[in-house]
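Asks: The structure follows.
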Ligand code: SF4
Ligand code: MG
């Protein structure tokens, strides 16, 4: 751990995350995945938008970019097109990725650009005080929905797959080891890869959220999820109500930067 801290974290701690926040667990899972893969830190770029999770790149020792709210993916797209040999990882929150950045999310998936998006899904806008997001469960309470959220939530994994992402996975802060392994697989995948990291926002800067306390959130993740492998051995009734975790979708498809390079070559008079 000491070694990882020295190698991958900027000496800028303390961070701004609340006690009990899951963001540190997700960030550590990403760092461990990068370390396991032995990625070149000078050729790994981490991009984020705005929100609590989007602070993570500022704590990490890579080339990083902290951009505008919801706009991490367009910045990352530009970086990947300019530096195709770089691994580009985007860190986003549920509001950042699916509300303000929702359009960018579906179009990055449609293009199948070789970027890995990790969504820290705490089902809420943590930084601004616990407002509901497109991933807040139906009828869950939030500061802007004191009687329950009447909007239905997106299923992030289904949204990613439906929009064209070629790698989709989900895990939780309780399953930190599995989460890290999935992030590593996502980074290796050629194309747009999405990992939903279910996490918790128990505090919201001094205000106790309507969600739950940190230990209860972890227990909830343990009790309400099932791995893809375990689910395959059960019948549908036994799996009903459980959230699937693991690798949910993987396919091979033409990658955007590679395809774009062919068009450029053709435009310059070469063969496609
Ligand atoms: Fe974490 Fe929520 Fe605090 Fe943000 S507001 S640092 S998500 S606990
Ligand atoms: Mg959030």
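The values are calculated or read from the model by the stated rules, or taken from the named source; none is laboratory data. For clarity, every value in this text was computed on a predicted model and none was experimentally measured. Virtual Cβ from ideal backbone geometry, glycine too; neighbours counted across all protein chains shown.
Asks: Where residues in the range 122-132 are buried (at least 21 other Cβ atoms within 10 Å of the Cβ) and touching a residue at least 40 places away in the same chain (Cβ under 8 Å), which of them is farthest from ligand 2 (Cβ to nearest atom)?
Replies: Selected residue: 130.
Asks: Run down 25, 34 and say which single residue is part of a helix (DSSP H, G or I) and either in contact with a strand residue (DSSP E or B) (Cβ under 8 Å, 6 or more places away or on another chain) or under 21 Å from residue 112 (Cβ atoms) (or both).
Replies: 34
Asks: Run residue 131 past the list (1) touching a helix residue (DSSP H, G or I) at 6+ places or on another chain (Cβ under 7 Å); (2) within 16 Å of ligand 1 (Cβ to nearest atom) and report the number of the one that doesn't hold.
Replies: (1)
Asks: Does any residue of the range 150-170 turn out to be within 18 Å of residue 27 (Cα to Cα) and either assigned to a helix (DSSP H, G or I) or in contact with a helix residue (DSSP H, G or I) (Cβ under 9 Å, 6 or more places away or on another chain) (or both)?
Replies: yes
Asks: Something else: If residue 30 meets every condition in (1) within 13 Å of ligand 1 (Cβ to nearest atom); (2) buried (at least 17 other Cβ atoms within 10 Å of the Cβ); (3) under 17 Å from residue 198 (Cβ atoms); (4) at pLDDT 95 or above apart from one, which number is that one?
Replies: Status for residue 30: all satisfied but (1).
Asks: Additional query: Check off (1) farther than 17 Å from residue 48 by Cβ; (2) modelled with pLDDT of 95 or more; (3) touching a strand residue (DSSP E or B) at 6+ places or on another chain (Cβ under 8 Å); (4) away from ligand 1 (no atom under 16 Å from the Cβ) for residue 186 and give me the number that stays unchecked.
Replies: The failed condition is (1).
Asks: OK, next. Yes or no: residue 109 part of a helix (DSSP H, G or I), within 15 Å of the chain's Cα centre (by Cα) and within 13 Å of ligand 2 (Cβ to nearest atom)?
Replies: So residue 109 fails the test.
Asks: Okay, next question. Across the range 148-162, what is the number of residues that are surrounded by fewer than 17 Cβ atoms within 10 Å (Cβ to Cβ) and at pLDDT 95 or above?
Replies: The number of residues fulfilling the criteria is 6.
Asks: Give just the number: which of (1) assigned to a helix (DSSP H, G or I); (2) within 16 Å of ligand 2 (Cβ to nearest atom); (3) crowded, with 22+ Cβ neighbours inside 10 Å does residue 118 not satisfy?
Replies: If we test residue 118 against (1) assigned to a helix (DSSP H, G or I); (2) within 16 Å of ligand 2 (Cβ to nearest atom); (3) crowded, with 22+ Cβ neighbours inside 10 Å, just (1) comes out false.
Asks: Still on this structure, I have one more. Kindly check whether there is at least one residue in the range 88-104 that is more than 16 Å from ligand 2 (Cβ to nearest atom) and under 16 Å from residue 26 (Cα atoms).
Replies: Taking every residue of the range 88-104 in turn, at least one turns out to be more than 16 Å from ligand 2 (Cβ to nearest atom) and under 16 Å from residue 26 (Cα atoms).
Asks: Counting just the residues of the range 49-76 that are within 15 Å of residue 24 (Cα to Cα) and within 13 Å of ligand 2 (Cβ to nearest atom), which one comes out surrounded by the fewest Cβ atoms within 10 Å (Cβ to Cβ)?
Replies: 55
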